[in-house]
Amino acid sequence: MSEGISTAVPRCRKQGEMDFFMIKSFEDLKPSFMGIPEPEYDETRLVRNFTGALCIVPGTAFDLKGNRTGYGGGYYDRFLSREKDVTPAGICYSPLVFDEVPSEPHDVSVDYIITEKGIIDING
């Protein structure tokens, strides 16, 4: 945020969808469901164009094909299925990258996995 890079974070909706809002600092976030920090709804900060965006996708484990296990809500799968111009990248510690993790047909894989040891390019 201090490097001049625009940063948006998700705010979840009950229907399994999420919206992203621009933030200027972590102080723009307030504890929400399960204490997870989220931005308040503000139409003026709502992101509508994701062209060229990098989306950091959470996961509990990833595999070398870009599949991931998450928390079961499907929020990121729905978002990434809808927003095709986003580059998804998983982030985790290297011991959480496996040869294979369970996946289902509706799961959306990541293009990169970022670990403390480097970046894994799934496609190349």
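The values are calculated or read from the model by the stated rules, or taken from the named source; none is laboratory data. All of these numbers come straight from a predicted model, not from anything done at the bench. All Cβ positions, glycine included, derive from the backbone under ideal geometry; neighbour counts span all protein chains shown.
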Turns out the strands (runs of 3 or more DSSP E) fully within the stretch 35-124 with at least 1 residues that are at pLDDT 95 or above, more than 27 Å from residue 25 (Cβ to Cβ) and not polar (S, T, N, Q) are 61-63, 112-115, 118-121
Taking the residues in the stretch 4-42 that are within 19 Å of residue 76 (Cβ to Cβ) and among the acidic types (Asp, Glu) as candidates, determine which candidate is surrounded by the most Cβ atoms within 10 Å (Cβ to Cβ). 38
Scan 45, 68 and give me the residue that is surrounded by 15 or more Cβ atoms within 10 Å (Cβ to Cβ), among the basic types (Lys, Arg), touching a strand residue (DSSP E or B) at 6+ places or on another chain (Cβ under 8 Å) and over 23 Å from residue 95 (Cα atoms). 45
Qualifying residues in the stretch 41-81 (those that are in contact (Cβ under 8 Å) with a residue 24 or more places away in the chain and of a type in the set (D, E, K, R)) - the one nearest to residue 9 (Cα to Cα): 45
Can you spot a residue in the stretch 19-35 that is outside the structural domain of residue 76 (by TED's automatic domain parsing), within 16 Å of residue 82 (Cβ to Cβ) and touching a residue at least 40 places away in the same chain (Cβ under 8 Å)? no
